Each structure stands twice: as structure tokens, then as C-alpha cells.
1. Among the residues of segment 179-197, which ones are within 23 Å of Q43 (Cα to Cα) and buried (at least 23 other Cβ atoms within 10 Å of the Cβ)?
2. Report every pair of residues separated by at least 6 positions or lying on different chains whose Cβ atoms are under 9 Å apart, first residue within segment 239-260 and within 15 Å of M188 (Cβ to Cβ), second surrounded by fewer than 19 Cβ atoms within 10 Å (Cβ to Cβ) and of a type in the set (A, V, I, L, M).
3. With respect to the numbered conditions (1) in contact with an Asp or Glu (Cβ under 9 Å, 6 or more places away or on another chain); (2) free of Cβ contacts under 8 Å to residues at least 40 places away in the same chain, which one is the sole condition not fulfilled by L4?
4. Name the single residue that is surrounded by the fewest Cβ atoms within 10 Å (Cβ to Cβ) among those in segment 206-251 being assigned to a strand (DSSP E or B) and among the basic types (K, R).
5. Of H200, H153, which residue is modelled with pLDDT of 85 or more, crowded, with 22+ Cβ neighbours inside 10 Å and within 25 Å of E229 (Cα to Cα)?
Amino acid sequence: MARLIHLSDLHFGAHEPRLVNAVAERIDEEKPDLVVISGDFTQRARTEQFKEACEFLDRLREAGHDVLAVPGNHDVPLYDVFRRFLSPLTRYKRYIDDTLCPVHELAGVTVVGINTARSFTFSDGRINEEQMRFIRETFGRTDSSALRVLVTHHPLFALPVGETGEVKRAVGRNELALDAAAESGVDMLLAGHHHTASTHSARDLVTRAGPALVVQAGTATSVRLRDEEQSFNRIDVEGESVTLTLQRWKNEKFESDTEQRYEREGDHWRIAGAEKLADEAAH
């Protein structure tokens, strides 16, 4: 079995220190094989904010945890126009990771990250043709039997968010990106950006999408909340089964909350036990 911890939208600079400590402590307890962080390490891409994020990453790595990270739109300077357009991710590369499209292979799982943050789109994200080629080529030369996970900050789908169900825009060129993911046999898409945890079947969102499980993370450490408390995801992969367990902030610590197991059947993910529950409801 492989275990992933999926964090997103840490927003150092608009964070709560006790939440940061609690996340690190919970990760130590869960003993993951890989910590995945899907962007927005900082609030305004300032040096001191990146330093705080770097200290958090150092703490994880010193505890023995491997980390795969991608930047988010908040990791690109907003008000420093010169830096925004000429060297948008210099600080990210210095303090977080100099690789913008990282790859990590575990026993039974291959994880690929793609940078969707852009200087000219502000909040929105985008994927270019070179990155789509990278997705195809990278998964094409890795273990074909491994679960394939693609990590971005911005979701590849337009998703309903929050209590209102408002549908938020997908990453730019999302249809081409979805084609690349489907052709590469991507099994799971991890993202953040909306500060809302959710899980969807890709084909329930877009008919042409491949058979991927779409997993969104909330914010783990930011005080910039949108309709729900701080949280992050634990993902356990075992063969053709994936178990998602939400780690939610309550009682002054992170605790396991809702848990859902999904099973892969052919080219589709289904909730384990869903057919049994449907039969029971029918009778």
C-alpha cells in the first residue's frame, strides 16, 4: 500500500502557526510515502513568506517525509509588476523547488506535477502544449501498471464550489489538457485553488474525460476560509482501490473525518459498496 498526504493552499503570510504545527504533527502520525502540495505556498509571494514555507518543508523533510510540490497563482508576485512578468517564480524556485514539473515514483504509484501558474492570468491558470507533451512522455516511460496521479494547482475541470454550488472556471486549455491526461491513462487528478475539499468522477463532470478520480483539497493552514474549516487529504492506494480520508481541523487538532473508498472497474471508478446500498434502497 502507498499513502499520500495531499495539502494545498497553505498561504504563508495569511496562516495560523498552530495549524502549521498541527499539520506537521499529523503528517508525522500518518507516516505517508509522499506529501503532495498543490500550490499557493504564500499569500503574496514575498520573500519572508517563502522563507516561512521553506521552514515548514524543511521540518517535513527532516522528519523523513518526501515532498512533491507545484506552485500556485499566489506564488507569483501580484503587485511587483517587474518581477511578476520577468521572473515570476524565481523566489519559488529558490525556497520551494527549482523543478516546476516534478516527478516521483513509488511502488505502485507515479506522481507527476505540472505548473499552472502564469504571470498574465492573475487568479486563473493555464497549461501549455509543452507541458501536455511532458505529461504524455513522462507517463509513457513509467510503470504502466502503477496508479498515475497528475497534480496541478488549478483544477482541470469547472467545479461546483461551496454551499452555493457556484461553478468555478477550469484551467485554461482544459479540454486539451484533459485529452492529454486521458491519453496518458491518468487515474487521479489532485488540485486545490478553491479552498474546498471534494471528490468527483471525471466522467460525471465532462463526458469526454478519461476515467480519473478528481480530488480537491481544502486549505490546511490558511485563515482565508471559504465555507468550510481547514482540512487536507489522506490517500491510501492499494491495488485497484483508493481510500480518501479527510483530515479536518477540530478540537484543536487534525482528526480523520469522512472516509470513502473507491474501486477501479475497467475504465471507471465507483464508490465501494454503492451497488449494495442501491439494492438495499430499492428493496
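1. L190, A191, G192, H193, H194, H195, A197
2. Qualifying pairs under 9 Å: G239/M1; S241/A272; T243/A272; Q260/I271; Q260/A272.
3. (2)
4. This residue is K250.
5. Selected residue: H153, the only one of H200, H153 that is modelled with pLDDT of 85 or more, crowded, with 22+ Cβ neighbours inside 10 Å and within 25 Å of E229 (Cα to Cα).
The values are calculated or read from the model by the stated rules, or taken from the named source; none is laboratory data. Since we're looking at a predicted model, the values are computed, not measured. Every residue, glycine among them, receives a Cβ derived from its backbone with ideal geometry; neighbour counts consider all protein chains shown.
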